[in-house]
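Student: Sharing a structure below in structure tokens format, with a few things to ask.
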Amino acid sequence: MIDLRSDTVTRPTAAMRRVMAEAEVGDDVYGEDPSINALEERVAGMFGHEAALFVPSGTMGNQIGMRLVCEPGQEVLCDADAHVVTYEMGAAAAIFGISTRTVVSGTPGRGQGRLDAQQLIDQVRPRDDWHLTATAAIAVENTHNRGGGIVQPLDELRSLWNWSREAGVAVHLDGARIWNAAVASGTELATYGRLADTASVCLSKGLGAPVGSVLVSSAERIATARLWRKRLGGGMRQAGVLAAAGLYALDHHLDRLAEDHEHAQLLAKRLGVDPSSVETNMVVLDDVAAPVIAEAAKAQGVLVSQVSARKIRLVTHLDVDRAAVDRAADVLAALL
Ligand SMILES: *Cc1c(COP(=O)(O)O)cnc(C)c1O
């Protein structure tokens, strides 16, 4: 099977499994796992933040990250298609009493989810009003998943950040695929990191580690995040085996994301998708009979993701090499 459903499907490579097997470990709830500590220190540094916390999933990273900058009864403002309000099971409300408000940004099928700083700023509600739910934070997703892996424009991120400092509103970055954004745009990870108060980044998407995300922020906030992680049941013990996979991925799987992006371009060209709409490792096929194509492709050994009845998503990753991309393109082009 050539699995193009998501970049979460990657399996740890033989070399990654070896470093996992040999990882130095300790009890991370005591703060004594050397591999976890090394990973946290490294990721904090990469994003220009003081501290970091290893968490089991991107959902936990996002939700704790938002809770650090938003009190119960306040709201987080974000794009209507953001992962934090679409795919995290209402966690902000269900667990933290955080209200969310969304704005539709970009154009469906063309840069859907693209950040427009002023559009969000216009919707922010003040903290000192007796009637309004206060907007404590804005969440930004980069790259944008439902937008088809688009990279958020740096000038918009900058203007949001500069405005937020004056306004006293926090910025949370859902950076599950910030690595793809950095590789595609040539922007430093630290540049993105410094434009957010809290950021959650995933090791188990394009980087190919089996488990885990890292939340970065100030030392003070990360100390609080550690309490929340324990409350949520995310305090792990000898999790260094997982951190070792993450460290290995940062050494060996970061720069190669460019290859995934090239593969996505190839797929786009072969399938009649405008290559300029493909910014990272995702290709969206719009206006197709999604269930029919998905089923027929599966019968020929190609798995794709149905976003809706008329929309298919293809994601390139570590476990899909050039030959597999060519074969998937042959199968899908014939079906289309
Ligand atoms: C995958 C993803 C997450 C985290 O998801 P988990 O499955 O909880 O690890 C967060 N944000 C975006 C944009 C994602 O694609």
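The values are calculated or read from the model by the stated rules, or taken from the named source; none is laboratory data. This is a predicted model, so every value here is computed, not measured. No Cβ is skipped: glycine too gets one built from the backbone with ideal geometry, and neighbour counts run over all protein chains shown. These accessible areas exclude ligands, DNA and RNA; they are computed on the full protein's heavy atoms, side chains included. Shrake-Rupley method; radii C 1.70, N 1.55, O 1.52, S 1.80 Å.
Student: Per residue, how large is the accessible surface of the chain? Use a 1.4 angstrom probe and give square angstrom. Before the final figure, lay out the partial values.
Tutor: Numbers: 13960 Å² over 336 residues.
Roughly 42 Å² per residue, with all protein chains present.
Student: For region 139-252, what class follows from the C-alpha gyration tensor (a ≥ b ≥ c being the square roots of its eigenvalues): rounded when a/c is under 1.5, otherwise prolate if a/b is larger than b/c, else oblate? Intermediate values should be presented prior to the final figure.
Tutor: On the way: a/c = 2.19, a/b = 1.24, b/c = 1.76.
In terms of gyration-tensor shape, oblate.
Student: Lys and Arg at +1, Asp and Glu at -1: add these up for the other residues within a Cβ distance under 9 Å of Asp81 and post the number. Please report the intermediate quantities before stating the final value.
Tutor: On the way: positive: Arg146; negative: Asp79, Glu141.
Net of charged neighbours comes to -1.
Student: At 10 °C and a viscosity of 1.306 mPa s, what translational diffusion coefficient does Stokes-Einstein give for region 10-252, taking Rh as the Kirkwood radius over Cα pairs? Give it in µm²/s as a whole number. It would help to have the intermediate numbers written out before the result.
Tutor: On the way: Rh = 18.0 Å.
So the translational diffusion coefficient is about 88 µm²/s.
Student: Same structure, new question: Checking the a/c ratio against 1.5 first, then a/b against b/c, what shape does the Cα gyration tensor give for region 19-90? Walk me through the numbers on the way to the answer.
Tutor: Values: a/c = 2.38, a/b = 2.11, b/c = 1.13.
Since a/c reaches 1.5 and a/b is larger than b/c, the shape of region 19-90 is classed as prolate.
Student: For region 10-252, with all protein chains present and a 1.4 Å probe, just round the carbon and sulfur fraction of the accessible area to a whole percent. Mind showing how you got there, number by number?
Tutor: Values: 4840 of 9860 Å².
Ligands and nucleic acids excluded, carbon and sulfur give 49 percent.
Student: If you average the alpha carbon positions of region 142-161 and of region 274-336, how far apart do those two centres end up, in angstrom?
Tutor: Centre-to-centre (Cα) distance: 24 Å.
Student: A further question follows. State to the nearest 20 debye the size of the charge dipole of region 10-252 about its Cα centre, where the only charges are +1 on K and R beta carbons and -1 on D and E beta carbons.
Tutor: Numbers: 22 positive and 27 negative charges, 109 e Å.
Here the size comes out at about 520 debye.
Student: How many percent of Cα pairs in region 191-336 exceed 20 Å?
Tutor: Working: 6286 of 10585 pairs.
Every Cα pair in region 191-336 considered, those over 20 Å come to 59 percent.
Student: So, R0 is 56 Å and r is the distance between the beta-carbons of Val103 and Tyr30; what FRET efficiency does that work out to, to 0.05? Don't skip to the end; give the middle numbers.
Tutor: Values: r = 43 Å, r/R0 = 0.77.
It comes to 0.85.
Student: Which cross-chain or sequence-distant (5 or more) residues have an amide H under 5 Å from the amide H of Arg101, H modelled 1.01 Å from N in plane?
Tutor: Amide H neighbours of Arg101: Val76, Leu77, Cys78.
Student: Where does each of 29-37, 112-120, 208-216, 93-101 land if you order them by average Cβ count within 10 Å, highest first? Walk me through the intermediate numbers first.
Tutor: Working: 29-37: 18.1, 112-120: 19.9, 208-216: 25.3, 93-101: 16.2.
Highest to lowest by the protection proxy: 208-216, 112-120, 29-37, 93-101.
Student: Still on this structure: Work out the charge dipole of the chain with +1 on the Cβ of Lys and Arg and -1 on the Cβ of Asp and Glu about the Cα centre, then indicate which of Leu314, Gly147, Thr13 is farthest towards its positive end.
Tutor: Leu314
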